[in-house]
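Notes for the one structure printed next.
Read-outs throughout are calculated quantities, based only on the coordinates presented, and are distinct from any laboratory measurement. Remember, it's a predicted structure, so these values are computed and weren't measured experimentally. FYI the Cβ positions are ideal-geometry reconstructions off the backbone, even for glycines, and counts take in every protein chain you see.
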Amino acid sequence: MLYDTGNIFAKILRGEIPCNKVYEDEFALAFHDINPQAPVHVLVIPKGAYVSMADFTADAPADLITGFFRAVGTVANQLGLVESGYRTLANAGADAHQEVPHLHIHIFGGKPLGPMLVKGH
Ligand code: 5GP
């Protein structure tokens with residue numbers, strides 16, 4: 001899938017629309033989800049034009065891959081979730097209902113989160 005430079009997270013990275021930032025370094029930006037699904041719901045995105053995990057891990061330079069995943073851990077720590085627990089999730093493509101075509105890892109926490117997926121499928 002070709003990267004769409006007009007997607008909402010690309011606009012956030014370019015500073016064209018605001019976000020409620022929780023962390024930023026040279027590799028990643030983290031901000032609160034606009035429609036939180038848990039008491040803590042933060043998105044971490046890499047600073048690069050990648051749609052999802054497949055193109056990111058295939059095409060991104062090693063320092064960006066390292067920096068991005070390190071940022072996910074740093075943010076979980078910064079949010080105070082390491083002791084209590086948290087969930088990370090990255091949707092990719094139609095079956096996963098990915099809405100924004102820029103790689104992002106959701107961090108959920110702040111309460112017991114229940115089973116990982118809706119049962120019955
Ligand atoms: P996906 O379904 O692609 O994994 O998740 C996209 C997430 O981005 C959703 O949880 C949605 O609430 C969030 N989101 C969509 N637009 C915006 C926005 O403009 N700002 C922020 N902070 N989050 C957004």
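See the values below:
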quantity: Whichever residue in the stretch 1-59 is hydroxyl-bearing (Ser, Thr, Tyr) and more than 12 Å from the ligand (Cβ to nearest atom) and, among such residues, is nearest to ILE107 (Cα to Cα); calculated: TYR23
quantity: The stretch 9-59, residues that are surrounded by fewer than 16 Cβ atoms within 10 Å (Cβ to Cβ) and part of a helix (DSSP H, G or I); calculated: LYS11, MET53, ALA54, THR57, ALA58, ASP59
quantity: Hits in the stretch 60-111 (condition: outside any helix (DSSP H, G or I) and away from the ligand (no atom under 16 Å from the Cβ)); calculated: ALA60, PRO61, GLY80, LEU81, VAL82, GLU83, SER84, GLY85, LYS111
quantity: Residue match in the stretch 85-99 (condition: in contact with a Pro (Cβ under 6 Å, 6 or more places away or on another chain) and either surrounded by 15 or more Cβ atoms within 10 Å (Cβ to Cβ) or of a type in the set (Val, Ile, Thr) (or both)); calculated: no
quantity: Output for the stretch 2-42, where each listed residue is of a type in the set (A, V, I, L, M), within 18 Å of GLY73 (Cβ to Cβ) and touching a helix residue (DSSP H, G or I) at 6+ places or on another chain (Cβ under 8 Å); calculated: VAL22, ALA28, LEU29, ALA30, VAL42
